[in-house]
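One structure below.
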Amino acid sequence: MSGASRPTTISTKQARIAELAKQMPGKAMTSLAQHMDAAWLRSAHERTRKDGAAGVDGQTAAEFERDLESGLRSLLDGMKSGTYRAPPVRRVDIPKGDGSKTRPIGIPTYADKVAQRAVVMLMEPVYEEDFYDFSYGFRPGRSAHGALEHLNEGLWSLKGGGWALDVDIRGFFDNLDHAQLRQMLSHRVTDGVVTRMVGKWLKAGVLKDGAIERRPRGTPQGGVISPLLANVYLHEVVDKWWVQDVLTRLREPAFMVRYADDFVMVFASLDDARRVQEALPKRLARFGLELHPEKTRLIDFRRPHDDGSGPRPGTFDFLGFTHYWGRTRKGPWVPKRRTAKNRLRRALTTLNQWLRSVRHFPVAEQARLLGAKLRGHFQYFGIRGNSTAISAYRWAARRLWRKWLSRRSQRGAMYWEQFSALERRHPLPPARLAYPRLPGREPSS
């Protein structure tokens, strides 16, 4: 019909929220939940992973979908009326590293994941207008590779490197203070439905061995909303402090890159770096956080002298890569990256355990699955300058595959000639760079 109104899409609603947040900097949004309707929750359901384990209610995504419209309608009514009760998170321990230790993970119910996703879709457009450009973790359209590019460009801008403050916050996700988080959220969001739901998730607790544990600290374990809450907290604690208090008092240039709770500050001046290193623990302590004394370091990351004189520059790890100074084929010193040794060792340990578990699968199926794992590794670590490391990973993967194929039976020893023939029938993907131009630019001549 000519002139008939068309349904408002989710992206259009989010654009309206973002525009309003941009027009009201520093002011609280009071009416976000009006945008949340049945279509909004249906979109939240579509964006929620369906292959996760079931929570405390035992309901899977497939079971939720059997009566989808009724479930979404009930969920929407409960969220808006205030009758929704956030279930506790089911806690399980999974192997960590070489399997000798475990780490806990939280598994919310599927309905709770959908509810959290719906609230994230409301809050995200607001905070995307506030977050700074140097923040990359768990934000739409941003990735770890973007953070690496930002870091590399910053190192180029200092024209000779500087002093890198590699920061590690001890147990950040377990020590985020609920009371201070609620106060931070009230600066930008005061919608009753949103704040009530966030409060319920913070209080829901964790179920383990039949007992519910509730703590006044930490983000909801395994929750879809946890990364956004963590970003809001660190935006107030670190990012705003850096922009409003630190940069205005520095004598020489500096920059910062943050990915969730992992961040690096680089300074052109040693004096500036030491002053910030001294002030940062005091800043974090005001919000119930502390630095890890062994993992937080100040590194001399200045470019080496061409004649080899002067101190040897240090290295630091960020997002799975070791950052160091190296020469190009033409001779100049440039900042480079390679896969961090601990990440490579962990990846190979995990791969070894997986190959052991699937050694009795058909060889064609093993090759298909192993190829997918290799491509995933190359997709993340295949950046410019890291071809040697990803080639080493592929070679080690081939060696491990042959080892476990040889142990399929007592008479199953496979020599390299046999393995090479098998590889010709079931080839693995080559070690190729996924980002040959990432990050940065060629050194100036």
Hey, A340 within 30 Å of N152 (Cβ to Cβ), modelled with pLDDT of 95 or more and aliphatic (A, V, I, L, M) or not: yes
Flag for A39 being aliphatic (A, V, I, L, M), out of contact with any Lys or Arg (no Cβ under 6 Å at 6 or more places or on another chain) and modelled with pLDDT of 90 or more: yes
Counted residues, the range 151-166 - those being modelled with pLDDT under 95 and either touching a Ser or Thr at 6+ places or on another chain (Cβ under 7 Å) or open to solvent by 40 Å² or more (accessible area, probe 1.4 Å) (or both): 4
Failed criterion for S406 (all others in (1) small (G, A, S); (2) more than 28 Å from K336 (Cβ to Cβ); (3) at pLDDT 95 or above hold): (3)
Tabulated pairs, the range 129-147, first open to solvent by 50 Å² or more (accessible area, probe 1.4 Å), second of a type in the set (K, R), C-beta under 7 angstrom, 6+ apart or interchain: E129/K22
Test for A147: is it under 29 Å from G26 (Cα atoms), within 21 Å of the chain's Cα centre (by Cα) and assigned to a helix (DSSP H, G or I): yes
Residue in the range 176-184 that is closer than 20 Å to T48 by Cβ and in contact with a Ser or Thr (Cβ under 8 Å, 6 or more places away or on another chain) present: no
Given (1) modelled with pLDDT under 95; (2) assigned to a loop (DSSP other than H, G, I, E, B), index of the condition E252 fails: (1)
Residue within the range 404-422 that is open to solvent by 20 Å² or more (accessible area, probe 1.4 Å), outside any loop (DSSP other than H, G, I, E, B) and in contact (Cβ under 8 Å) with a residue 40 or more places away in the chain present: yes
Boolean, E290 is under 24 Å from the mean Cα position of the chain (by Cα) and under 24 Å from L176 (Cα atoms): yes
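Here is a yes/no grid of residues against (1) buried (at least 17 other Cβ atoms within 10 Å of the Cβ); (2) touching a strand residue (DSSP E or B) at 6+ places or on another chain (Cβ under 7 Å); (3) touching a residue at least 12 places away in the same chain (Cβ under 8 Å):
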| residue | (1), (2), (3) |
| --- | --- |
| N175 | yes, yes, yes |
| L181 | yes, no, yes |
| L185 | yes, no, yes |
| V193 | yes, no, yes |
| W201 | yes, no, yes |
| G205 | yes, yes, yes |
| K208 | no, yes, yes |
| G218 | yes, no, yes |
| L228 | yes, no, yes |
Residue within the range 428-439 that is surrounded by 15 or more Cβ atoms within 10 Å (Cβ to Cβ), in a helix (DSSP H, G or I), of a type in the set (A, V, I, L, M, F, W, C) and in contact with a helix residue (DSSP H, G or I) (Cβ under 7 Å, 6 or more places away or on another chain) present: no
Total residues in the range 243-262, condition open to solvent by less than 20 Å² (accessible area, probe 1.4 Å) and either touching a residue at least 40 places away in the same chain (Cβ under 8 Å) or over 27 Å from G26 (Cβ atoms) (or both): 4
Qualifying residue in the range 229-243 (condition: farther than 22 Å from A147 by Cβ and not in a strand (DSSP E or B)): no
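The values are calculated or read from the model by the stated rules, or taken from the named source; none is laboratory data. These numbers come from a predicted model, not from an experiment. Cβ coordinates were reconstructed from backbone atoms using ideal geometry, including for glycine residues, and neighbour counts include every protein chain displayed. Note: areas computed on protein heavy atoms with side chains; ligands, DNA, RNA excluded. Shrake-Rupley method; radii C 1.70, N 1.55, O 1.52, S 1.80 Å.
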